[in-house]
């Protein structure tokens, strides 16, 4: 007497190929930006109100011109007191102009390495000359926690 199996043909489950998490998957696209002619006092108010430590400076075409940070504001305050300068300075006089950017198609681990090597808190992302987003150290931490336990490539 032959024994019949009702399990059917067994196949190996397909293993999904994991794609590396990219900067574009975790970058912030709704940014608070600043204009070069904006007064520093207005920048300080915006930073405090929105609980952010800095932001990109763009022109009317959304092209990245620089970055302004709390540190730049503090330096401006210190300089104005020390040199007896008025506090109504503008962003373009105090922003960092040589801005290091990061590619949107960079994987999260390479982005983390770039953060470590540069000691930056955020990187703007530019595509075709236009600001399209920003990635911060916090975004990298979120990506790492979400990807925990997966094999990275």
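The values are calculated or read from the model by the stated rules, or taken from the named source; none is laboratory data. It should be emphasised that the depicted structure is a prediction, and the values quoted were computed from it without experimental measurement. Glycine gets a Cβ as well: all are built from the backbone with ideal geometry, and neighbour counts include every protein chain shown.
Given the criterion in contact with a helix residue (DSSP H, G or I) (Cβ under 8 Å, 6 or more places away or on another chain), part of a loop (DSSP other than H, G, I, E, B) and at pLDDT 90 or above, identify the matching residue among 139, 98, 105.
105
I'm trying to understand the selection: among the residues of region 108-120, which are modelled with pLDDT under 90 and exposed (fewer than 14 other Cβ atoms within 10 Å of the Cβ)?
Scanning region 108-120 gives a single hit, 119.
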